[in-house]
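Here is the structure we will look at.
Laboratory data are not the source of any read-out in this text; all were calculated from the coordinates shown. Since the structure is predicted, the reported quantities are computational estimates derived from the model, not experimental observations. Cβ sites come from the backbone with ideal geometry, for glycine too, and all protein chains shown count toward neighbours.
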Amino acid sequence: MRMFLCLVAMAISDRASLLAESGSPLRTGLWVTQRVPENTGEMTQFESMVQTNPHLSGVCLGRGWKHLEKQPGQFDFSAIDAAVEVLRRNGRVYELGVYPGVDTPPLIYQEGAQPFQTRASNPHRSNFGQAVVIPVPWDPIYQSHFSHMIQQVGERYAADPLCVSVVLTCANFMGAEMHLPDSPEDRAKWNAMGNREAKLLEVYKKYTDEWAKAFPRQAISLHLSQVWNLPSSFFEQIINYGVNKYPERFTIQNCQLSGRKEDTGLQSYDLIQKYQDRAHHGFQSVAGFSHSGERMGSIPMAVLNVVHAKGEYWELWHGDGLSIEISAAVDKAWQEAKQLGYDAYKKKLIAEGSYRQKSDDHYRANIRREKVAGH
């Protein structure tokens, strides 16, 4: 059995090397988001999913930085190692994401890093409205510690043939996307720091290089999202920098994929469309089909959006990855749409009465009404 697993790992490594050399994507197919398991129950559920769901191509492992470094310079990789061992036993590839933002270790501030005080702004999170803190992304003390962390993670996992991608984190709020606090009070504080756009651009250039250096074989995935209402030209500077320096590996991702309507007109989706023939790219569902039908919309419409942008991979939420039935339905619809092509698949949905116009999307309007009623 050990010999068999070694051969599987060697085959995966050879395939990854060939794909990188040819310019083919290092990630394809359906993936599932997975918080690194914290206990026996979560690990058992995770292993069952990996073993039994044949529709998943890989797993996106996510871990907060504060869980890795509880003491200065002392890293605990045991939880990630345990999850990777499950993947190794089953010959599954993975992406690794380590998150700063609200998951930055308190010790960083104790050593003098500049904190940015704000409140959790995502109504879908359990800490919505609570006071939280993130580091100022261009603070030199924060950057020194974060750069050291990237180096340590790279030394631990970059040589693993199962690790085919890492998330380009560096200036984050509550996850892997590019969001930063943006309330009126937040904007006033950012503005007071001066030349914030130029500073943020340099942060992304710096960490594009640092992640690429620490993980020289892996895809480097930037999770696009709006920041401070900056224009598309700001994000294009980052994308162009990454594509020009790492054309075989730099990847852009839209994490707002929905099936409520066609996503054209959404900044991150339009950037994917613009660069679809120049940059590797993929999607993550904005919600789970099993979690909230209204927020996520329908499988056929989400598939239409992926096919329209020639998505290379698609990350499902954890609950959808646990469900073989939902994963199978997504996989089947995606394969059909790729075979038909965007125009023919859209005509099919219209003929079946499954196509949704922008005017059919009432989710945002309902959310606004709920907020008004709540006040």
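Apply the Karplus parameterisation 6.51 cos²θ - 1.76 cosθ + 1.60, with θ equal to phi minus 60°, to every residue of segment 215-224 and state each ³J(HN,Hα) to the nearest whole Hz, in sequence, with x for glycine and proline.
10, x, 9, 8, 5, 10, 9, 9, 8, 5
Between segment 242-307 and segment 336-357, what is the C-alpha centre distance in whole Å?
Cα centroid to Cα centroid, the span is 17 Å.
Would you mind ranking Ile252, Ile150 by Cβ crowding within 10 Å, fewest neighbours first? Kindly include the intermediate steps, with their values, before the conclusion.
Values: Ile252 26, Ile150 21.
Fewest-to-most ranking of Ile252, Ile150: Ile150, Ile252.
If the elastic network links every pair of Cα atoms under 10 Å, which of Gly29, Gly62, Gly112 fluctuates the most in the Gaussian network model of the chain?
The residue with the greatest mean-square fluctuation here is Gly112.
Return the Rg/Rh value of segment 47-134, two decimal places, where both radii are evaluated on C-alpha atoms and Rh is the Kirkwood radius. Numbers along the way, then the final one.
Details: Rg = 16.5 Å, Rh = 15.3 Å.
My calculation puts Rg/Rh at 1.08.
Any idea what the dipole of the chain comes to, in debye rounded to 20, about its Cα centre with Lys/Arg Cβ at +1 and Asp/Glu Cβ at -1?
500
Seen from all sides and averaged, what is the projected area of the convex hull of the Cα atoms in segment 65-219, in nm²?
Reported value for the Cα convex hull: 9.6 nm².
What value, in deg cm²/dmol to 500, does the helix sum -39500 (n - 2.57) over DSSP H runs of n ≥ 4 give at 222 nm once divided by the residues of the chain?
-15000 deg cm²/dmol
Which pairs break 26 Å Cα to Cα here: Lys310/Lys358; Lys245/Lys332; Lys274/Lys346; Lys66/Lys205; Lys245/Lys346; Lys66/Lys206?
Going by Cα-Cα distance, Lys245/Lys332; Lys245/Lys346 fall outside the 26 Å limit.
For Lys189, list the aspartates and glutamates whose Cα falls under 14 Å from its own Cα; do not include residues on the same chain fewer than 8 positions away.
By straight Cα distance, Lys189 reaches Glu197.
Springs between alpha-carbon atoms under 10 Å, Gaussian network over the chain: tell me which of Asn53, Asn244, Asn229 tops the mean-square fluctuations.
Highest fluctuation among the options: Asn229.
Just checking my list [x] 21, 39, 26, 13, 1, 0; [y] 28, 61, 12, 0; [z] 23, 49, 14, 7, 5, 2, 0 against P(r) over Cα pairs in 20 Å bins from 0, in percent computed from this structure; which label fits?
Entry [y].
Which is farthest toward the positive dipole end of segment 2-374 among Leu200, Gly259, Gln45, measuring Cα position about the Cα centre, with Cβ charges +1 (Lys, Arg) and -1 (Asp, Glu)?
It is Gly259, whose Cα lies furthest towards the positive end.
In whole Å, how far is the Cα centre of segment 25-70 from that of segment 138-214?
22
Which distance in nm do the two modelled labels at Arg278 and Ile350 give, with both placed 7 Å along the Cα-to-Cβ direction?
Between Arg278 and Ile350, the label points sit 3.1 nm apart.
Return the single residue from Gly58, Gly311, Gly353 with maximal mean-square fluctuation; model: Gaussian network over the chain, springs between Cα atoms under 10 Å.
Of Gly58, Gly311, Gly353, the most mobile in the Gaussian network model is Gly353.
What Kirkwood hydrodynamic radius, in Å, does segment 221-320 give when the mean of 1/r is taken over all pairs of distinct Cα atoms and then inverted?
13.7
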